[in-house]
Amino acid sequence: MYFIFELTKKIVDLHIKFITTMFSVKEISEYIVALIAAFAKHYSITEAEAYSYLNRYGAIKVAHDFYDVMHTQTFDDMVQSMASYCSRKGGTL
């Protein structure tokens, strides 16, 4: 079991290194800011509240780590995905 955990961790680490070499920090940051704004608008909350909620449940890290896939999807789909992710981590809106 430990071996599987370590292997998974190494794969994720490689994926993160790939993302940071393929995309600029600016591209990733702009996407995350836009995603937070879309989330805030969808749930009628402020952007500060949206950031706090998404950050508390780890969704900002997910958006960063999986930018390569997420930026190819619609914001509506990603807002729903982020809400589901946060819900699984204990978040409620």
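The values are calculated or read from the model by the stated rules, or taken from the named source; none is laboratory data. Keep in mind it's a predicted model, so treat the numbers as computed, not measured. Note that each Cβ is placed from the backbone with ideal geometry, even for glycine, and that neighbours are counted across all protein chains shown. With ligands, DNA and RNA removed, areas are computed over all heavy atoms of the protein, side chains included. Shrake-Rupley method; radii C 1.70, N 1.55, O 1.52, S 1.80 Å.
Couple of notes before you dig in:
- Within region 18-52, restricting attention to residues that are among the polar types (S, T, N, Q) and modelled with pLDDT under 95, the residue that is most open to solvent (accessible area, probe 1.4 Å) is Thr21.
- Any pair with Cβ under 8 angstrom, 6 or more apart, that starts in region 52-74 at a residue that is under 17 Å from Ala37 (Cα atoms) and ends at one that is open to solvent by 80 Å² or more (accessible area, probe 1.4 Å) and among the aromatic types (Phe, Trp, Tyr): Ile60/Tyr51
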